Amino acid sequence: MAMVCNQLCKAYGKKEVLHNLNLTLEKGKIYGLIGRNGAGKTTLLSIMSNQNPASGGSVTLDGENIWENRKALDRICFSRELNITAESGLAQYTVKRYLAAAGAFFAHWDKELAERLVKLFGLDVKKKLSKLSKGMLSMVTITVALASKADYTFLDEPVAGLDVVAREQFYSLLLQEYTETGRTFVISTHIIEEAADVMEEVIILKDGAIALMENTQDLIDRARYVTGLCEAVEDATAGLQTHHPRKTGRSKSVTVLLREGEQIPENPDITVQSVSLQNIFLALCGEEVSL
């Protein structure tokens, strides 16, 4: 059982946002989708949830094309960040009305879970969405995502505006729901380090294409940050996969992704450190700098 994107393309006018993208999401995993602003994350999630037509390629769920396929769409939820303006059609919706609409739309809606989450988050169901803070709007989108009970649930910036306690609460709820149901979740977020522990696999999107997709812990285990004198760093990393080199005077630093069987030779003129997921992302998607 899997969702498969095959040669997916999306263009807005002459600007191509996604380029022949291939991606397979297996059932029963939590994926992290990370990338810089404009990398195509929201566009990808909107296409995979049938909210945006692709310019080319296809998205299938267990072999069936999802486009205008009610059976497939009943198993998909894309809960995206709410940006409510005075002109928005949702501005006059109360929390209660919005959740009722979600309950009517999602085939497997868990009303009892939604009510528990509303109580847990302290949401005022009579309040209009336009009157909610950014954090409260995030709590509404989290409620929709979890209560949808969709097999494939996508969350775009779910913790926007939440304080550190609320963010920890969200990840705890997500893990609980995942453990109990085996649903597939895709979380797109810029707060990488907090989400790293719950991401079984990480997908790094760069310029509309997948730069890397790998088991998160395996990726972290094979990453190293090497610093020292330029010549020593270059000798130690010769032939290795290196990213984001930075030079300052006679010193150099570089991130290395070791392949199976590779290692960095000991050298008193270099320092080798482990690397966080956030810094791996920076190495793959940041700009090279020389001073």
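Each value in this text was obtained by applying a stated rule to the coordinates, not by laboratory testing. It should be emphasised that the depicted structure is a prediction, and the values quoted were computed from it without experimental measurement. Here the Cβ is made from the backbone with ideal geometry for all residues, glycine too, and neighbour counts use every protein chain on show.
At-a-glance table
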item	result
Fewest-first ranking of Lys126, Lys27, Lys14, Lys41, using other Cβ atoms within 10 Å as the exposure measure	Lys14, Lys126, Lys27, Lys41
Structure-based [θ]222 nm, the chain - -39500 (n - 2.57) summed over DSSP H runs of at least 4, per residue, nearest 500	-9500 deg cm²/dmol
³J(HN,Hα), Karplus 6.51/-1.76/1.60, whole Hz, each residue of the stretch 206-221, x for Gly, Pro	9, 6, x, 9, 7, 7, 6, 9, 7, 4, 4, 5, 4, 5, 5, 5
The stretch 150-233: relative contact order in percent, alpha carbon pairs under 8 Å with at least 6 residues between	25 percent
Span-like helix ranges in the chain, DSSP H, alpha carbon extent 24 angstrom or more, Kyte mean at least -0.5	164-181
Fewest-first sequence of Ile47, Ile192, Ile187 by Cβ atoms within 10 Å of each Cβ	Ile192, Ile187, Ile47
Label of the coordinate-derived value, mean projected area of the Cα convex hull in nm², listed as (i) 18.9; (ii) 20.2; (iii) 17.8	(iii)
Mean Cα-pair separation over length for the chain, i.e. relative contact order, pairs under 8 Å, 6 or more apart, %	19 percent
The stretch 91-174, relative contact order in percent, only Cα pairs under 8 angstrom and at least six apart counted	34 percent
